[in-house]
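Notes follow once the structure below has been shown.
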Amino acid sequence: MDIRILKTKNKLYKAFISLIDKERIKDITVLELCKEAKVNRTTFYKYYLDVEDFTNKYEEELLEELKINIKNINRNYLLSFTNNTIETIKKDKSTYLNLLGPNGDANFLKKILYIVKNESIEEWHKLLKKATENDLNHIYNFIVDGITGIINEWIKSNCKEDSEQIEIFINKICMSGLSSFI
């Protein structure tokens with residue numbers, strides 16, 4: 001990618017995160033985003049249709065970065081990936097706190113956690129002998145909703161609780177629930 005394009009996108013990303021801190025994504029306009037980023041609207045429209053398209057493409061880039069972590073996971077896909085995600089949130093706190101916060105995209109965290117759905121269900125299918133395919137889907141949805149709730153509360157508190165404690169808690173609660181299907 002051309003270095004100028006990369007710089008422009010990075011300006012837009014930083015401006016976007018800054019604006020989310022002040023207002024909801026759906027209230028951000030192209031004009032406002034471009035003004036904040038000091039980018040011409042013509043340049044914006046060269047790459048994006050509107051703020052929603054921009055948001056989707058930005059989230060897709062972040063998801064692609066997170067997908068790289070899957071390659072290093074051999075088992076406990078959802079739990080390992082959740083731990084990696086929590087660490088990523090901690091490292092790039094301003095981006096994720098705003099994007100996952102009250103003005104951000106409420107479904108983005110679920111999009112992140114659904115990256116490893118197939119791998120997790122395939123692994124659980126081998127381990128959880130009493131669970132049907134339908135059970136496994138329900139289990140995954142239930143766990144993702146629980147993890148989402150825990151991480152959202154952690155984000156609301158500005159990540160005050162130690163990330164390792166969050167990871168340990170999520171692992172304990174998930175493993176105890178899964179054990180009833182062994």
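Just so it is clear, none of the values below were taken in a lab; they were calculated from the coordinates. This is a predicted model, so every value here is computed, not measured. As a convention, Cβ positions derive from the backbone with ideal geometry for all residues, glycine included, and neighbour counts pool all protein chains shown.
Could you give the length gained by full extension between K130 and E65, i.e. 0.36 nm per residue of separation minus their alpha carbon distance, to one decimal place? Before the final figure, lay out the partial values.
Numbers: separation 65, 0.36 × 65 = 23.40 nm, distance 3.50 nm.
Here the segment from K130 to E65 would lengthen by 19.9 nm.
Using θ = phi - 60° and the Karplus form 6.51 cos²θ - 1.76 cosθ + 1.60, what ³J(HN,Hα) does each residue of segment 165-176 get, whole Hz, x for Gly and Pro?
3J(HN,Hα) across segment 165-176, in whole Hz: 5, 4, 4, 4, 4, 4, 4, 4, 5, 5, 5, 5.
Which whole-number percentage describes the relative contact order of segment 110-182, with Cα contacts under 8 Å and a sequence gap of 6 or more?
Values: 32 pairs, mean separation 30.5, N = 73.
Contact order relative to length: 42 percent.
So how much slack lies between E161 and N10, counting 0.36 nm per residue of separation and subtracting their Cα-Cα distance, in nm? Mind showing how you got there, number by number?
On the way: separation 151, 0.36 × 151 = 54.36 nm, distance 2.97 nm.
So the chain would gain 51.4 nm between E161 and N10.
Please list 3J(HN,Hα) in residue order for segment 14-24, calculated via the Karplus relation 6.51 cos²θ - 1.76 cosθ + 1.60 where θ = phi - 60°; whole Hz, with x for glycine and proline.
Karplus-based 3J(HN,Hα) across segment 14-24 equals 5, 5, 4, 4, 5, 5, 4, 5, 9, 8, 5 Hz.
Neighbour counts of other C-beta atoms within 10 Å: give me Y45, Y114, Y77 arranged from fewest to most.
On the way: Y45 13, Y114 16, Y77 20.
Going from least to most buried by this count: Y45, Y114, Y77.
What size of dipole, in debye to the nearest 20, comes out for segment 84-179 about its Cα centre when the only charges are +1 on Lys and Arg C-beta atoms and -1 on Asp and Glu C-beta atoms?
Result for segment 84-179 is approximately 60 debye, rounded to the nearest 20.
Fewest first, what order do W154, W124 take by the number of other Cβ atoms within 10 Å?
Working: W154 23, W124 19.
Lowest to highest Cβ neighbour count: W124, W154.
Let me have the 222 nm mean residue ellipticity of the chain computed from DSSP H runs of 4+ only, each contributing -39500 (n - 2.57), with the sum over all residues rounded to the nearest 500. Before the final figure, lay out the partial values.
Numbers: 10 runs with 130 residues, N = 182.
Rounded to the nearest 500, the figure is -22500 deg cm²/dmol.
What list of ³J(HN,Hα) couplings, whole Hz, do you get for segment 32-49 from phi and the Karplus terms 6.51, -1.76, 1.60, once you set θ to phi - 60° and write x for glycine and proline?
4, 5, 5, 4, 4, 7, 6, 10, 5, 4, 4, 5, 4, 5, 5, 10, 9, 7
For helix 77-91, what angle does its Cα long axis make with the longest principal axis of the chain, in degrees from 0 to 90 and rounded to 10?
Result, in degrees: 40.
Would you work out the relative contact order for the chain, in percent, from Cα pairs under 8 angstrom that are 6 or more residues apart? Provide the component values of the computation, followed by the final result.
Details: 135 pairs, mean separation 38.9, N = 182.
For the chain, the relative contact order is 21 percent.
Given the options L63, L127, L78, which has the most mean-square fluctuation in a GNM of the chain, springs set between C-alpha atoms less than 10 angstrom apart?
L127
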